[in-house]
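Below is one structure, written out as structure tokens; the observations come after it.
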Amino acid sequence: MKILVVEDSSSMRAYLTTIIEGGTESYDLEIVEAASGFEALKTLPHHTFDAILTDINMPDINGLELVSFLKNHPVYKTIPIMVISTESSDEDRKRAAALGAEEYLVKPFQAGELIEKLRRLLKVA
Amino acid sequence: MTKEDDRAREEFTSEAEELLDTLSRDLVEFEAQGKNVRPEVVNKIFREVHSLKGLAGMLGFVEISELSHNLEDMLDRLRMGKIPITKDLIDLLYDSVDSLNRLVIAINDPSLAGLVDVTNLASRIHRTVTSQPQQKVEDPFSELTLDEQTKKSLTEYEEHRLLENVRAGKYILAIEQTFDFSDFDEKLRALTSVLNEAGEVISTLPALDSSGGSGIAFRLLYGSMLNEPAVAALAPDARVSSLRKDTSPAAVAAAGAAMTPPPPGGTTAADVAAEDDLSSLRSMSQTVRVDITKLDHVMNIVGELIIEKTQLEALTRQLTTQQQRMAAHELGKIARNLDRKLSELQKSVIETRMVPVGQIYSKLARTVRKVARELKKEIELTLRGEDTELDKMMVEELTDPLMHIIRNSIDHGIEPAAERVAAGKQPEGRVTLTAYQQGNSVVLDVKDDGRGIDPEKIRQVAIKRGVIGEKDAFDLQRAYEVIFAPGFSTADQVSEISGRGVGLDVVKKNIQELKGTIEVISKPREGTTFRISLPITLAIIQALIVRASGEQFAIPLTSVEESLRIYSRDIRTVERREVFTLRDFTLPLLRLSDAFGLSDDHDHGPDTKWFVVVTRAGEKTVGLLVDALVRQQEVVIKSIGERLKTIPGIAGATDIGESDIVLVIDVGTLIDHFGGRARETRALAVH
């Protein structure tokens, strides 16, 4: 399985990757990283993703715009998405859901929370 | 604390310092623009604090997380126009960033932790936030024809910016353009920056290429004082349309007049400017992050200075008359001092470019886990020498080749577990990466305890792929060469990790581009070591200047073993190749004038004197036959044009302070092209 992590902070990206790799040791999971919305768009055609995790506040295009693009795309619309952002943006959370994002994770989160939501997203036990 | 924690802390500290550094600069810009600050500046500051909060929260730095959380909340209101810009507010921002800086430093030096009064700052922020009455939120969409999808994709902040633009009576436009997929990011950033000069790009929504092509379309939401045709001129390839329901000038003017007055009690930009006693922010951090291109620039200047110095020395040598001698003496002294200072400067600049190779170790470890899983092999990876320092650029360029070699070792070197147990080895394959400094080089060894290279098997594969002929001479040394030959790599090496199904030939090419060498040492059944040697830095090197057929050449000293004087009669011919017996070793010779097609005007009598420069690249040596050794000096390598790049044996050009440009020899590719000989054949062979 392959997932895409879109996040502009490199240490947050490293942190997410470490948690995900640690929590999904039992499946064959590959993580592709993108440091911006543009990078995510550029990466998409080169892989088949089983899930996408994205931050909201990013330069270039924000996470919501990325979700909007994905959920309106004939091929990508079936990829489940988890939006990761902070508690201060409750309005953004509603919009992410309205655009069709399947999961929403509030920062800061516990490692277990992320893994649980990711498993739900990937539909694995 | 575990090593993992240490690493996380280190990464956090470095990113936090970087964020705070940018934040300080953005604050200065904010202050300079005062009340009329561009919204994207405030938003950028908000985003930076937001990132810092997220990071600190994840890693459990409570004080940093709380302070940045409070600050973020305040900045959020600020960017939404809910609180006014005042001098107090800017002071508060400066104080907060200063405190955040201290808290970040205190992570590594807890004795400083007491210096920050987080509670006091929190209450100041609280007062600023609560002193402002809540404003009622208007619907920015009522005057616009905006599609649902765009509406839904706006963040709360973008919606606020749209509202501000509507209120200010700006033209609200949709700009749609389809880009080629390969470079949409560059093109779109360029377009956005042009548009931001004359207005505000509020949102950027990607969409499918509506023409059914393979590009990607973007729909920008843009607020500007410019009207449709004016914006269309700025974005000639885009479709521009107005989103206002009524775009008559009267409506725009009316909307402009309806612009809300500044909140009561707010200060103006002039007020802020008048009180310029804002305390300066003294950073306590001992670290500065610098763009590598700036260091490149400094390095270039150092290079130019070295050339100037050489010219000074040359000039000094020309002063010979009695009268001039005193001056020459003084000048010589100055030149020597300058020389010393320049070497110090050069050394310092090189040091600032150095980063530990350990930076890429975690990435490598991840790759190994991935590859091991993919190939269903158990791998025990050991990484050593992570503190070994190397030029930053080289570390970046090194990642791909290293990953490829490691993958190659796991794939082809390490045997399946059963085979290993049968051979009396532990079931887990061992791969060790060791980095260490050796003289002016950094060496990286990738060692595995696998089956080793079987020359016969290599020969079979090479014949099958047409790399060598059925009847070609073949030995262990040749096997080591063949695995780096283009066309040898097997198709099953195409993988996600290396990305492009490249072979070791590409690895070798990459390493050579870094002026390094790669060699392989293998023992059947015991394992293989790939050894990469790299110069510590590329820009300035010590070189031996030699002359051949009237032309001067620079040979990097790192490649020179020794130089000696011989006579024509010492040169023998073995198998149509000129050689020279150096102690107990037969050294192949190469006339530099032949290598570069220069006319040989040298007298060929048996008593003619020659100089042999014994050069070495990896395990191979060749004696370069030249007319004279000129001197030893520092040279600054400059790259040469595309046309000369393809000529083997040339690393670049240099200006040595005289009128002519001198070519710098690349011993590695020279030997590859004209042949050399393994010096320590016996040592290399299987023990």
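The values are calculated or read from the model by the stated rules, or taken from the named source; none is laboratory data. Worth saying up front: this structure is predicted, and the values here are computed from it rather than measured. Counting neighbours? That spans all protein chains shown, and the Cβs are built from the backbone with ideal geometry, glycine included. In case anyone asks, the SASA skips ligands and DNA or RNA and just uses the protein heavy atoms, side chains included. Shrake-Rupley method; radii C 1.70, N 1.55, O 1.52, S 1.80 Å.
Remark: the protein assembly as shown carries 48 Å² of accessible area per residue (probe radius 1.4 Å; ligands, DNA and RNA excluded). Spin-label model, B:T581/B:R478: points 7 Å from Cα along the beta carbon direction are separated by 2.7 nm. Interface burial in the range A:54-69, defined as at least 50 Å² less accessible area with all protein chains than with the chain alone at a 1.4 Å probe, covers A:N57, A:E65, A:F69. Split the accessible area of chain A by element, probe 1.4 Å, and carbon with sulfur accounts for 50%. Here the dipole of the protein assembly as shown is about 1780 debye; that uses its Cα centre as origin and unit charges on the Cβ of Lys and Arg (positive) and Asp and Glu (negative). List the residues of the range B:60-77 for which accessible area in the full set of protein chains is at least 20 Å² lower than for the chain on its own; 1.4 Å probe, protein heavy atoms only. Output list: B:H69. In order along the range B:306-311, the phi-based Karplus estimate (6.51 cos²θ - 1.76 cosθ + 1.60, θ = phi - 60°) of 3J(HN,Hα) comes to 5, 5, 4, 4, 4, 5 Hz; Gly and Pro are listed as x.
Going by average Cβ density within 10 Å per residue, which order do the peptides B:556-562, B:516-522 take, highest to lowest? Mind showing how you got there, number by number?
Details: B:556-562: 18.1, B:516-522: 21.7.
Result, highest mean Cβ count within 10 Å first: B:516-522, B:556-562.
The residue among B:T434, B:L390, B:G466 whose Cα reaches farthest toward the positive pole of the charge dipole of the range B:356-535, with charges on the beta-carbon of Lys, Arg, Asp and Glu, is B:G466.
Counting pairwise Cα distances across the range B:356-535, what percent come out greater than 31 angstrom? Write down the numbers at each step before the final one.
Working: 2058 of 16110 pairs.
When every Cα pair of the range B:356-535 is considered, 13 percent fall beyond 31 Å.
Averaged over the residues of peptide B:152-164, the number of Cβ atoms from other protein chains lying within 10 Å of each residue's Cβ is 5. Give me the net charge of B:G223's neighbourhood, meaning all other residues with Cβ under 14 Å from the Cβ of B:G223; Lys, Arg count +1, Asp, Glu -1. Neighbour charge sum, excluding B:G223 itself: -3. Working note: Karplus 6.51/-1.76/1.60 with θ = phi - 60° gives the range A:2-7 the couplings 9, 10, 10, 10, 10, 7 Hz, where Gly and Pro are set to x.
Report the per residue volume, in Å³, of the convex hull enclosing the C-alpha atoms of the range B:554-639. Don't skip to the answer; put the middle values down first.
On the way: hull volume 11.1 nm³, N = 86.
That works out to 129 Å³ per residue.
Among the listed pairs B:K363/B:K620; B:K333/B:K515; B:K294/B:K370; A:K117/B:K152, those whose Cα-Cα separation exceeds 27 Å are B:K363/B:K620; B:K333/B:K515; B:K294/B:K370. Close amide H contacts of A:E30 (hydrogens built in the peptide plane, cut-off under 5 Å, sequence separation of 5 or more or a different chain): A:K2, A:I3.
Normalised Debye scattering of chain A at q = 0.11, 0.12, 0.21 Å⁻¹ gives log10 I(q)/I(0) of -0.31, -0.38, -1.32, counting only Cα atoms as equal scatterers and leaving out solvent.
Would you mind giving the total buried accessible surface between chains B and A, with a 1.4 Å probe and ligands, DNA and RNA left out, rounded to the nearest 100 Å²? Mind dumping the intermediate values first?
Working: alone 36330 and 6470 Å², together 38970 Å².
That pair of chains buries around 3800 Å² in total.
Calculate the tail of P(r) for the protein assembly as shown: the fraction of all Cα-Cα distances greater than 39 Å, expressed in %. For the protein assembly as shown, the fraction of Cα-Cα distances above 39 Å is 54 percent.
Near the amide H of B:A543, within less than 5 Å, lie the amide hydrogens of B:L557, B:Q633, B:E634, B:V635, all on another chain or at least 5 residues away, with H placed in the peptide plane. Across the range B:392-402, rounded Karplus estimates of 3J(HN,Hα) from the backbone phi angles (6.51 cos²θ - 1.76 cosθ + 1.60, θ = phi - 60°) give 3, 4, 6, 4, 4, 6, 7, 3, 4, x, 4 Hz, Gly and Pro being marked x.
Ordered from longest to shortest, the equivalent ellipsoid semi-axes for the range B:293-354 are 30, 11, 5 Å, each the square root of 5 times a Cα gyration tensor eigenvalue.
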